[in-house]
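Trainee: This is the structure, below, for whatever I ask next.
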2 protein chains.
Amino acid sequence: MPPAAEQLNAYEQDAALRERAARVLPGGMYGHQSAARLPEGFPQFFARGEGSHIWDVDGNEYIDYMCSYGPIVLGHRHPTVERAVAAQSAEGDCFNAPTERIVELAELMTCLIGHGDWAWFAKNGSDATRFALQLARAHTGRNTALRGERAYHGWGSTWMGGALGMTPSDTDFQLTYTYNDLATVRVAADEAGDDLAAIVVSAVEYDENGKWTAPDQAFVQGVRDVCDATGAVLVLDDVRAGFRLDLGGSWASYGVEPDVSAYCKAIANGYPLAAVVARREFEDAAGQFFATGSYWFSGVAMAASIATITTLQETDGVAQIRRAGTLLREGLDAQAQSHGVAIQQSGPVQVPSLRFLEDDPANLQLPRAMTFTSEAAKRGVYLHPTHNWFLSTAHSDEDIERTLAVTDVAFAQVKDAFGSD
Amino acid sequence: MPPAAEQLNAYEQDAALRERAARVLPGGMYGHQSAARLPEGFPQFFARGEGSHIWDVDGNEYIDYMCSYGPIVLGHRHPTVERAVAAQSAEGDCFNAPTERIVELAELMTCLIGHGDWAWFAKNGSDATRFALQLARAHTGRNTALRGERAYHGWGSTWMGGALGMTPSDTDFQLTYTYNDLATVRVAADEAGDDLAAIVVSAVEYDENGKWTAPDQAFVQGVRDVCDATGAVLVLDDVRAGFRLDLGGSWASYGVEPDVSAYCKAIANGYPLAAVVARREFEDAAGQFFATGSYWFSGVAMAASIATITTLQETDGVAQIRRAGTLLREGLDAQAQSHGVAIQQSGPVQVPSLRFLEDDPANLQLPRAMTFTSEAAKRGVYLHPTHNWFLSTAHSDEDIERTLAVTDVAFAQVKDAFGSD
């Protein structure tokens, strides 16, 4: 179990590995899992996971509130998923053609998701969002896509035009809107005119500092209406929230169906899979261009996905995650208030966000968030200072209770260092 | 074992699955593993693999000469790889940060590959080629890339500009050359002028009809020289041939080192992994942009890769594959001659290509290749009518002997249908 509040983690193996990594990995580590921008107490290397708990290479144990940045939705090494994986692995994974699993999984997803008449599979979330955009352009014969001005839809020139190493052309045919501000969508749609191919919308919107903006009913309905009026394709990027908020799609509760949805992360409890589902009318366009990858049809990740989604269905997994997230949110709110530290929690409780109101994210000054998550990590609770968190069905009441014992200390440290507000 | 030459496969389960797939997958199946363009005798769904043999959903057994279009380099379910996978899986795969495997694998690859001072990992071959290009552009501060006019470097707007669903801007900053024609490289480099960021070259070149062009020493040295003279980055796309021709990189035998190499396919015997290695001077640029994916740091595929590469090293796997490929090529040549059917075999024997000289690939008329591979598939030998084939260390002398018994019948069928040449 994680160390008691007064017993802090040590990180000797991690430090030795970081030294080796510095010689053979760019900058010692790259991408979203680099610990370079995380405070003291966060390891760079993990060794083991079980349920809601993870162990780093020094044997330090953590209650895991990042769930591998989303994929782990049933807890690490969930027995039902592992059994399905073992059964498929015993037969094989990667062949000259797919296994029966691709048909079963497509049948399952198209049953669950209202606008899903067919399904398509790949490996990265960015594969799915990129395919969705290509599909919209192929179907409409138009080029211009609208996207949220702060939205993250994945890596690659399609989505990261303007970044270092991209070309000036990579942002051609893209216009931006402000999330939850329908007027900006309409202005951009007017500017695109009859070249409007797609409006791409994140199911939930977090900016780079973890601040969440709730999609309101008028916005959700409004983008649907703009698409209906213009013939543009409504593409929902459900990579971050998919299968945590609603098994029928994260906008199902709004009564609004997109045309195309992109999935990844929670789809297979950590096994590498991404998917697109879409309405029937887009099938022809999908058949008219070539999109493929070496491992896109492998059976093991699809077997894992079938087991994951079926388990979420059969156990009302979304409600379980919501319960754990609610307990955590209520506990943190009460603690912050009792310590006199001003915080704001936002987002669905399954993918929550916590900000310290006296921090200054616009100027990258986050000393309270850094201190809070550092003190928690050193005591066996893995949160994140800037990114939204992810909960799973494996988070038990005991996990939350133990977590709150640690965060109580972490709040006290924030108060000691920065005073109450 | 595969059926004897006179006993043909049946495909009832496959047909039933194709009917279900037609309702839930675009066009019934998509990408390079769609059987729609393959002749009778090729199943759409596989159930099992072991060594050099695969079984479809009807229980038909085939000797596998596609190796999952490349990934299977040691044969399906190689015991050493499977043991490494089982050990890593028992601890976990996908965490908030990588496992120790990423350091071990990067150390192994940078030891093996001359120009590999550091390594970077992702999931798709197209991730690796796309990252390599972004790296070249970031490092040079220039935009224009040269690529082979028929080269396949993976899916996505970076590489498939001009395809349906791409925008007119996707081919900006790209110029083409003719493989093995250094003069065309020089012309394109002159046209790019001081904006030349990269020359991207396939380690081996096959056109869309499987015709191979041998990279000659003058071409290989020449592109190196152009890069040295202009400051452009030499990017080797070693996705197709990597780890089958030379563990030090597919151009190592030329004595010419690229600056950056992209790997996928054979890197992990079917487990989903791609990689880039590059010289030290490019490390800074790699640290200055954000490129990441949900599953890029997962431990299982990296454990599989370590086991795969180590096994290839310890058993001289490349020589084993070369031996099997040589036996196959010599046998096919002798058979074709004895049947009076004109063929041309080309490419390294580990990734071989066979064409029927009386076929007309330019007009998509390949009746001999279709008949030949169809008759072979129905008798338990999985070849491909248009794509190059892949061999593995699992292909035994007995496999080749049994294969040649089947291809002898297939050549006879070609001769019966189309006459000798």
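Trainee: Nearest 0.05, what FRET efficiency do B:Ala16 and A:Ala86 give at R0 = 22 Å with Cβ-Cβ as r? Kindly include the intermediate steps, with their values, before the conclusion.
Mentor: Values: r = 26 Å, r/R0 = 1.19.
With a Förster radius of 22 Å, E is 0.25.
Trainee: Taking beta carbons within 10 Å but only from partner chains, what does the mean come to for residues A:67-74?
Mentor: That average works out to 4.
Trainee: Measuring nothing but label to label, 7 Å from Cα along Cα→Cβ, what are A:Gly255's distances to the other copies in nm, shortest first?
Mentor: Values, ascending and in nm: 7.7.
Trainee: Also, quick follow-up: Which of A:Phe289, A:Ala274, A:Ala303 sits closest to the plus end of the dipole of the range A:270-421, meaning its Cα is farthest towards the positive end, when Lys and Arg get +1 and Asp and Glu get -1 on the C-beta?
Mentor: Farthest along the dipole direction, towards plus: A:Phe289.
Trainee: Just to confirm the numbers: B:Thr80, label point 7 angstrom along the Cα-Cβ line, distances to the other copies in nm, shortest first?
Mentor: From this label point to the equivalent ones elsewhere in the assembly: 3.9 nm.
Trainee: Express in whole angstrom the spacing between the alpha-carbon centres of the range A:1-77 and the range B:134-193.
Mentor: The two parts, judged by their Cα centres, are 40 Å apart.
Trainee: Grab the other residues whose beta carbon is less than 11 angstrom from that of A:Ala16, score K and R as +1, D and E as -1, and report the net. Spell out each step's value before the answer.
Mentor: Values: positive: A:Arg18, A:Arg20; negative: A:Glu12, A:Asp14, A:Glu19, A:Asp58, B:Glu100.
Overall, the nearby charge balance is -3.
Trainee: Now a separate question. Counting only protein heavy atoms and a 1.4 Å probe, tell me what percentage of the protein assembly as shown's accessible area is made up of carbon and sulfur. Can you show the working numbers first?
Mentor: Values: 13030 of 27550 Å².
Roughly 47 percent of what the probe reaches on the protein assembly as shown is carbon or sulfur.
Trainee: What per residue convex hull volume, in Å³, comes out for the range A:204-275 when only alpha-carbon positions are used? Don't skip to the answer; put the middle values down first.
Mentor: Numbers: hull volume 7.3 nm³, N = 72.
With only Cα atoms used, the range A:204-275 gives 101 Å³ per residue.
Trainee: Over the Cα atoms of chain B, each weighted equally, I'd like the Debye log10 I(q)/I(0) at q = 0.13 Å⁻¹, rounded to two decimals.
Mentor: -1.20
Trainee: Which of rounded, prolate or oblate describes the range A:264-318 when judged by the alpha-carbon gyration tensor and an a/c cut-off of 1.5? Walk me through the numbers on the way to the answer.
Mentor: Details: a/c = 3.15, a/b = 1.59, b/c = 1.98.
Oblate.
Trainee: Also: Between B:Ala334 and B:Gln288, what length comes free when the chain is fully extended (0.36 nm per residue of separation minus the Cα-Cα distance, one decimal in nm)? It would help to have the intermediate numbers written out before the result.
Mentor: Details: separation 46, 0.36 × 46 = 16.56 nm, distance 5.57 nm.
Extra length from B:Ala334 to B:Gln288 when fully extended: 11.0 nm.
Trainee: Residues of the range A:130-146 that become at least 30 Å² less accessible with every protein chain present than in their own chain isolated, using 1.4 Å: which are they?
Mentor: In the range A:130-146, residues shielded by partner chains: A:Arg130, A:Gln134, A:Arg137, A:Ala138, A:Asn143.
Trainee: Compute the Cα gyration tensor for the range B:1-107, then decide on rounded, prolate or oblate, letting a ≥ b ≥ c be the square roots of its eigenvalues: rounded whenever a/c is under 1.5, prolate when a/b is larger than b/c in the other cases, and oblate in all that remain.
Mentor: Values: a/c = 2.64, a/b = 1.69, b/c = 1.56.
Verdict is prolate for the range B:1-107.
Trainee: Select from A:Leu8, B:Phe45, B:Val187 the residue farthest towards the positive end of the dipole of the protein assembly as shown; place +1 on Cβ of Lys and Arg, -1 on Cβ of Asp and Glu, and compute about the Cα centre.
Mentor: A:Leu8
Trainee: Could you run the Karplus curve 6.51 cos²θ - 1.76 cosθ + 1.60 with θ = phi - 60° over the range B:168-177 and give me ³J(HN,Hα) per residue in whole Hz, x for Gly and Pro?
Mentor: Computed from phi, the couplings for the range B:168-177 are x, 7, 5, 9, 4, 6, 10, 10, 10, 10 Hz.
Trainee: Let me ask another. Can you list the residues in the range B:157-196 whose accessible area drops by at least 30 Å² when all protein chains are present, compared with the chain alone? Use a 1.4 Å probe, heavy atoms only.
Mentor: Correct list: B:Ser157, B:Leu164, B:Gly165, B:Thr167, B:Pro168, B:Ser169, B:Phe173.
Trainee: Okay, next question. Please compute the per residue accessible area over the range A:12-116 with all protein chains in place, 1.4 Å probe, rounded to a whole number of Å². Mind showing how you got there, number by number?
Mentor: Working: 3340 Å² over 105 residues.
Accessible area per residue: 32 Å².
Trainee: How do the peptides B:15-25, A:102-112, A:195-205 rank, highest first, by the average count of neighbouring beta carbon atoms within 10 Å per residue?
Mentor: Details: B:15-25: 18.0, A:102-112: 21.0, A:195-205: 25.1.
Top to bottom by mean Cβ count within 10 Å: A:195-205, A:102-112, B:15-25.
Trainee: Sticking with this one: Suppose we keep just the DSSP beta bridges with both residues in chain B; what percent of those would be antiparallel, to 5? Spell out each step's value before the answer.
Mentor: Working: 24 of 42 bridges.
In chain B, DSSP labels about 55 percent of beta bridges as antiparallel.
Trainee: Using a simple charge model, +1 on the beta-carbon of Lys and Arg, -1 on the beta-carbon of Asp and Glu, nothing else, what dipole does the protein assembly as shown show about its Cα centre, in debye to the nearest 20?
Mentor: Numbers: 62 positive and 110 negative charges, 33 e Å.
Taking the Cα centre of the protein assembly as shown as origin, the dipole is about 160 debye.
Trainee: Residues in the range A:127-143 near a label at B:Thr176, defined as backbone nitrogen under 14 Å from the 7 Å Cα→Cβ point?
Mentor: none
Trainee: Using a basic spin-label model with each label point 7 Å from the Cα along Cα→Cβ, how many nm lie between B:Tyr254 and A:Gln217?
Mentor: 6.5 nm
Trainee: Taking R0 as 30 Å, what FRET efficiency do you get between B:Asp408 and B:Arg37 from their Cβ-Cβ distance, rounded to the nearest 0.05? Show your work: numbers first, answer last.
Mentor: Values: r = 26 Å, r/R0 = 0.86.
So, using R0 = 30 Å, E works out to roughly 0.70.
Trainee: Could you tell me which of rounded, prolate or oblate describes the range A:111-252, using a ≥ b ≥ c as the square roots of the eigenvalues of the alpha-carbon gyration tensor, with rounded for a/c under 1.5 and, failing that, prolate when a/b is larger than b/c and oblate otherwise? Working shown, then result.
Mentor: Details: a/c = 1.20, a/b = 1.13, b/c = 1.07.
Since a/c stays below 1.5, the shape of the range A:111-252 is classed as rounded.
Trainee: At a cut-off of 40 Å², which residues of the range A:85-109 become less accessible once all protein chains are present than in their chain alone, using a 1.4 Å probe?
Mentor: Output list: A:Glu91, A:Cys94, A:Phe95, A:Asn96, A:Ala97, A:Pro98, A:Glu100, A:Val103, A:Glu107.
Trainee: Okay, next question. Chains A and B: buried accessible surface, both sides, probe 1.4 Å, rounded to 100 Å²? Walk me through the numbers on the way to the answer.
Mentor: Values: alone 18100 and 18100 Å², together 27550 Å².
By this definition, chains A and B bury close to 8600 Å².
Trainee: Here is a follow-up. Calculated from DSSP H runs of 4 or more alone, at -39500 (n - 2.57) each and per residue, what is the 222 nm mean residue ellipticity of chain B, nearest 500? Mind dumping the intermediate values first?
Mentor: Details: 11 runs with 156 residues, N = 421.
After summing the helix terms and dividing by the residues of chain B, the value is -12000 deg cm²/dmol.
Trainee: Heavy-atom accessible area per residue, the range B:198-354, 1.4 Å probe: how many Å²?
Mentor: Values: 4540 Å² over 157 residues.
About 29 Å² of surface per residue is accessible.
Trainee: Can you compute the FRET efficiency between B:Gln7 and A:Leu364 using 1/(1 + (r/R0)^6), with r the Cβ-Cβ distance and R0 = 60 Å? Round to the nearest 0.05.
Mentor: Working: r = 71 Å, r/R0 = 1.18.
My answer for the efficiency is 0.25.
Trainee: Also, quick follow-up: Ordered by residue, what ³J(HN,Hα) values in Hz, to whole numbers, does the range B:285-297 give under the Karplus form 6.51 cos²θ - 1.76 cosθ + 1.60, where θ = phi - 60° and Gly and Pro are x?
Mentor: 4, 4, x, 9, 9, 9, 9, 7, x, 4, 10, 5, 10
Trainee: Normalised radius of gyration for the protein assembly as shown, please: alpha carbon Rg relative to 2.2 N^0.38 Å, two decimal places.
Mentor: Values: Rg = 26.8 Å, N = 842, 2.2 N^0.38 = 28.4 Å.
For the protein assembly as shown, the normalised Cα radius of gyration comes out at 0.94.
Trainee: Right, next: What distance in nm separates the simple spin-label points at A:Glu401 and B:Ala342, each placed 7 Å from Cα in the Cβ direction?
Mentor: Here the answer is 8.4 nm between the modelled labels.
Trainee: Another one. Please express the Cα-Cα pair-distance distribution P(r) of the range A:354-421 as a list of whole percents, one per 10 Å bin, running from 0 to the bin with the greatest distance.
Mentor: 21, 50, 25, 4
The values are calculated or read from the model by the stated rules, or taken from the named source; none is laboratory data. Treat the numbers as computed from the prediction; the structure is a model and nothing was measured. Every residue, glycine among them, receives a Cβ derived from its backbone with ideal geometry; neighbour counts consider all protein chains shown. For the accessible areas, the whole protein counts, side chains as well, though only heavy atoms, and no ligand, DNA or RNA atoms are used. Shrake-Rupley method; radii C 1.70, N 1.55, O 1.52, S 1.80 Å.
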